[in-house]
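Below you'll find the structure, written out as structure tokens, and then a few comments.
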Amino acid sequence: MKRNLLPVIGLVVGLGLIFASMAADGSLLRYFDGPSLIITFVGSLSAIMISFPLSTLKKVPALLKMLMFAPDENRWGLIETLTHLAKKSRTEGILALENEIKDLDNPVLIHGLEMVVDGTDIDTIEEILNVELEQTEDRHSVGQQVFIKWGEYAPAFGMIGTLIGLIAMLGDLQDPALIGSGMATALLTTFYGSLLANIVFLPIAKNLEIQTANEMKTNEMIVEGVLALQRGDNPRVIEQKLQSFLSQTDKKRKKEEQKSVEVAQEF
Amino acid sequence: MKRNLLPVIGLVVGLGLIFASMAADGSLLRYFDGPSLIITFVGSLSAIMISFPLSTLKKVPALLKMLMFAPDENRWGLIETLTHLAKKSRTEGILALENEIKDLDNPVLIHGLEMVVDGTDIDTIEEILNVELEQTEDRHSVGQQVFIKWGEYAPAFGMIGTLIGLIAMLGDLQDPALIGSGMATALLTTFYGSLLANIVFLPIAKNLEIQTANEMKTNEMIVEGVLALQRGDNPRVIEQKLQSFLSQTDKKRKKEEQKSVEVAQEF
Amino acid sequence: MKRNLLPVIGLVVGLGLIFASMAADGSLLRYFDGPSLIITFVGSLSAIMISFPLSTLKKVPALLKMLMFAPDENRWGLIETLTHLAKKSRTEGILALENEIKDLDNPVLIHGLEMVVDGTDIDTIEEILNVELEQTEDRHSVGQQVFIKWGEYAPAFGMIGTLIGLIAMLGDLQDPALIGSGMATALLTTFYGSLLANIVFLPIAKNLEIQTANEMKTNEMIVEGVLALQRGDNPRVIEQKLQSFLSQTDKKRKKEEQKSVEVAQEF
Amino acid sequence: MKRNLLPVIGLVVGLGLIFASMAADGSLLRYFDGPSLIITFVGSLSAIMISFPLSTLKKVPALLKMLMFAPDENRWGLIETLTHLAKKSRTEGILALENEIKDLDNPVLIHGLEMVVDGTDIDTIEEILNVELEQTEDRHSVGQQVFIKWGEYAPAFGMIGTLIGLIAMLGDLQDPALIGSGMATALLTTFYGSLLANIVFLPIAKNLEIQTANEMKTNEMIVEGVLALQRGDNPRVIEQKLQSFLSQTDKKRKKEEQKSVEVAQEF
Amino acid sequence: MKRNLLPVIGLVVGLGLIFASMAADGSLLRYFDGPSLIITFVGSLSAIMISFPLSTLKKVPALLKMLMFAPDENRWGLIETLTHLAKKSRTEGILALENEIKDLDNPVLIHGLEMVVDGTDIDTIEEILNVELEQTEDRHSVGQQVFIKWGEYAPAFGMIGTLIGLIAMLGDLQDPALIGSGMATALLTTFYGSLLANIVFLPIAKNLEIQTANEMKTNEMIVEGVLALQRGDNPRVIEQKLQSFLSQTDKKRKKEEQKSVEVAQEF
């Protein structure tokens, strides 16, 4: 689960730096202003509420969870599972897969195998799985758009807040000594908007995009494997086909592991 | 109809915040200037009038209505309807569908079934329905573009207004005491343009885009269902295919509902 | 021809507003400066001359004419014409179409029918008409790009003009009283560039894009109709297929018209 | 060759205007500063050197030549040539084309005909010509990207230069009289970057894009023609197909020319 | 290996120019500020850590190595190798290729030939190689995105740093003499962000993109060649097909080399 700590570390390092930089320039307090924070954060949130239906916004917490506890994409294990299932269905018949399904936890794989066991014809399985993957991708993509849009609205509302502050200050220049602090306060919303966009919303959107792409790639492997299994392909060919989804580095690492296992077994 | 209140809530919260923020900095009145509002709103509207034909602009009120009263996309109900129709046409023949059509209200479904009952061949039905969906999508997309463009023109006209104000002020610096208030007035149009774009036009455009995508997905389900019905597919296969359009969450919730119904029926 | 007045109305309203706003701030004359206008308009035009070949630029006047006198896209009339031709060719043979061609004015329809009468085979007709439509679309698209690019270059040259003015002013600050008017003059080119882009070039580009999309849709209908006619399809099926290109609103309005005609005929 | 002068005229007019505008504001000399020019031009060039391999940069001079001496795209002549070759190969056999090849100068046409004469089968010819066209397009596209990127880096390095100047000036405000001239010098790099991008790099990139699109269209015609010739299509059909690549205006002009030739021949 | 020095030369020239320009304006020291550099570089790096999984970030060093030691893409040698293999497999049978594989070093070519020798059927080979190429492209593309995003975050964090500095300065205007140096320090982060983006991150991203495109093109040639070899195509046709991937210049240069070799052989 090491990898999922990275976003948290990034956030802590980034905000820590910003705070240290603010403290170095004097009192930290001058950078905090409740109303400015509200106009930037809640203002941009209100634009998000107009932009997306409630059903989409409800998915945001689940997406944030995905950011912290990404499913472990063990593609080697997946290849082994599918090759094992292919061998079993060749020797014991397709119905033998029924018992194996219980031990699996990937919902796409389970659904695919259930249809294979049910005897659904191959074109229907392909169509159904592809529509399902497309739907999953669409839903994730809408989720990312929430963060992309928020990353656009936050600086915009930051600028709106700064304009309000500037207009107030410029319309009332009686005490020139206050110009500086008026400007400083006006700039706070621009600062908040820029910070929220570049250390929270846009990086989260990118992270979800990359995770979705990885998940889709794994799902493609599953569809490929389930269809090959249904066609009764040779398990070795299935393994070979699925391995083409791995990178050279993955393959090399695997070979070395296998060698060391073999060496260990000799003793 | 809960979901359709969200845009209104968003708008009220967003504008409320902005007004509160303006009031906090002093008199609200200093932020209102009729001519500045006109140059930003009507000026950008004039650019919209040059950009789009009247036939497109006439659709804007209908689109705004869609924002408030989105059609209830009950995909479960749709799957049940289509499965029911498939069973009926299998047992009582395709002509039996004619009576059912009267009870439906989705125009795409009605048109599709009418063609099935008329005995139109399947390729023609597919072609006609697909052209219709494409046309609908095109029309909605042009409607969104009105708001996207308005969201671009509004800040541009805001800046044009500010330039006019700045040039006037700079060309006549005789009384330095007026510089501040001149600048403040000049900035008002930029403020209006930015506000209109980010809390009205761009969020509306995004909302319409998401709604259109949802509607298109539902229409795809209908076409899939009507064609399967015409081919005389097995109702169970039709149901399975259509369910691949639903999310896992939808399916789980449905299963639980069905269970509780079954439990309830036992008593 | 009502619709084609819209761009003119938009331009008059937009510019009227801008002028009114300028006049409200004082003398209109301070906003006019020949050299500033030349550097923005002719400067960006020179960038256009480097960007596009003469053959493309020669098409600009024709495109502007299209803006004012858009061809009347009567799709209902087109459907009636094509259905009428289909009936005629079914009853009197394909050669009977020859006399009808003279009464038509749409060049794509004429060319398509000529090939049908000549006995060209259907694949060749489809290929030729599709290449023709693609070529038309390409040419229109290059025309739009002239205006899109002009809409990018105009503000850029506006900024270049402002930079020249600023550098001149800053390099010669002997009389501080002139700073204001120097700045004002420098900002004029930015103002002109922004105005030209947002009320002339970009709206025209959008207008041409929408018109081209409409024309292409009509041309698609024609190709569909001509091919169906050549295949000898049933006129009713042709009518049905072509009607799928119309919006629900168009269809309803048409039905009501037909009813009122029928009612009128009864008397 | 008239058309190829246009880019030069554009450049002369554009730069002439800029110079005139600078001279009008006082001494031209104040706008020239060697180091500022070097940091903008060579600085952005260094970013180009990191971005592109040497093999791509070596093609830039050839692309610039293309800007000045574009190949004369005589599509009517091409149609006549291909129709003539089709007739000849029908009457005298395909080998008769061998003598004709020597008189041609378009390399794609020559290569295509050579393969036809060699008896290469039609699928191989199509594949080879298409890969060749794709490669040509890719290479031109990379060339355009050099100019697009340069058009992005130039203003960026202009801004970097201005920041260096501003930091120097602000860090050393002892003599306020120098603030103006310091600012003026700092702005020079922004001015150079904006000018280079908008009158040199971006227009050149667009010009190459349009020229490539035209060349590709001509090449498509050639491939269409060569394949039709290999299939032994009717010369009249070949002519008709190729004419669909021409615009209505081209066709009308041609017809008028032919008429005047016929009229002339009558005498 | 000449070409790979270009990025280094570009970087040295670019940074050298910037340093020279800074030195010309006074003391170089005023441009260096540790905390400002840290907030721009590490701050943007923290956003990168949130955006990408660790597995992607681990590939960055390998990508940077690719920047310096790009694989030598000798396409002529590749064509010769493939033609040679085709001849050998025609005369001595496909199994004769086994000995040749040892001398090769391109992993795609080796894998392809291994499958040919193993007797894998052609569709499976094509599918496996295509999935492999797609995976390689995806991985490279994600690597480029790290640099593209860094090129976006760096200026954003530069601006955030400048805002922090400005707010500090404006909130504490007691000694006007410090305004200048406060502004100068505040601008440093914007300067660093702009410099990092435009001379490091964005050029690297572009370089990787171009290199990936070249590598993909070479891989396409290999797939084409391996499949032709498996089909037992005529070696001359294979050579001809593969040559269509070369540019005219490459071909001409080659022909001249061959001629000079022939001339040399005559003596």
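The values are calculated or read from the model by the stated rules, or taken from the named source; none is laboratory data. All figures in this text were calculated on a predicted structure; none of them were measured in a lab. Neighbour counts are summed over all protein chains in view; Cβ atoms, including those assigned to glycine, are modelled from backbone coordinates with ideal geometry. Heavy atoms of the whole protein, side chains included, go into the accessibility calculation; ligands, DNA and RNA do not. Shrake-Rupley method; radii C 1.70, N 1.55, O 1.52, S 1.80 Å.
Computed on the Cα atoms alone, the convex hull of the stretch C:1-139 gives a volume of 153 cubic angstrom per residue.
Site pair A:Glu100 and E:Ala24 shows an inter-label distance of 7.2 nm when each label is modelled 7 Å from Cα along Cα→Cβ. Each Lys or Arg adds one and each Asp or Glu takes one away; over the other residues whose Cβ falls under 13 Å from the Cβ of E:Ile204, this sums to +3.
With respect to chain C, whose longest principal axis is taken over its alpha-carbon atoms, helix C:75-92 is tilted by about 30°.
If you take the alpha carbon atoms of the stretch D:167-257 and fit the smallest convex hull around them, that volume is 137 Å³ per residue. One decimal place: the segment B:Glu126-B:Ser247 gains 41.0 nm when fully extended, by the rule 0.36 nm per residue minus the C-alpha distance. Size descriptors for the protein assembly as shown: radius of gyration and Dmax over Cα atoms are 34.5, 106 Å.
Could you tell me which of the pairs A:Lys149/C:Lys149; D:Lys65/D:Lys149; C:Lys65/D:Lys65; C:Lys217/E:Lys217; A:Lys217/E:Lys87 are separated by over 29 angstrom between their Cα atoms in the structure shown? Long pairs (Cα-Cα over 29 Å): C:Lys65/D:Lys65; C:Lys217/E:Lys217; A:Lys217/E:Lys87. Legend: Rg and Dmax of the stretch B:79-139, from Cα coordinates, 12.3, 39 Å.
Shape class for the stretch C:191-232, computed from the alpha carbon gyration tensor (a ≥ b ≥ c): prolate, with a/c not under 1.5 and a/b above b/c. Report the residue, chosen from A:Ala96, A:Ala186, A:Ala86, that carries the largest GNM mean-square fluctuation when chain A is represented by alpha-carbon nodes joined by springs under 10 Å. It is A:Ala96.
B:Trp150 contributes an accessible area of around 30 Å² to the protein surface, as traced by a 1.4 Å probe with all chains present. Annotation note: trypsin sites (Lys or Arg not before Pro) in the stretch C:45-150 located in DSSP loop regions with a Cβ neighbour count of at most 16 within 10 Å are C:Lys58, C:Lys102.
Kindly state, to the nearest 0.05, the FRET efficiency for A:Val42 paired with D:Val12, given R0 = 51 Å and r defined as their beta-carbon distance.
0.35
Of D:Phe32, E:Phe201, the residue with the largest accessible area leads and the full order is D:Phe32, E:Phe201 (1.4 Å probe).
In vacuum, with every alpha carbon of the stretch A:89-199 counted as one equal point scatterer, what does the Debye formula give for log10 I(q)/I(0) at q = 0.11, 0.18, 0.24 Å⁻¹? Two decimals, please. Each listed q maps to, in turn, -0.60, -0.91, -1.18. With θ taken as phi - 60° and the Karplus curve 6.51 cos²θ - 1.76 cosθ + 1.60 applied, the whole-hertz 3J(HN,Hα) list for the stretch A:56-67 is 6, 5, 5, 7, 4, x, 4, 5, 5, 5, 4, 5 Hz, x standing for glycine and proline. Within the listed set C:Val131, C:Val142, C:Val116, the Gaussian network model of chain C (springs between alpha-carbon atoms below 10 Å) gives the highest mean-square fluctuation for C:Val131. Over the Cα atoms of the stretch D:35-110, each weighted equally, I'd like the Debye log10 I(q)/I(0) at q = 0.11, 0.17, 0.19, 0.22 Å⁻¹, rounded to two decimals. With no solvent term, the Cα-only Debye profile gives -0.56, -0.80, -0.90, -1.04.
Measure out, as a whole number of angstrom, how far apart the alpha-carbon centroids of the stretch C:121-142 and the stretch B:58-119 sit. Using only Cα atoms, the two centres lie 37 Å from each other. With the label put 7 angstrom out from Cα along the Cα-to-Cβ vector, A:Ser247 ends up 3.1, 3.1, 4.9, 5.0 nm from the copy partners, going from closest to farthest.
Shown for chain C is the translational diffusion coefficient from the Stokes-Einstein equation, using the Kirkwood radius over Cα pairs, a temperature of 10 °C and a viscosity of 1.306 mPa s: 70 µm²/s.
For D:Ser141 and C:Ser141, what does the FRET efficiency come to when R0 = 25 Å and r is the distance between their Cβ atoms, rounded to the nearest 0.05? Between D:Ser141 and C:Ser141 the formula returns 0.90.
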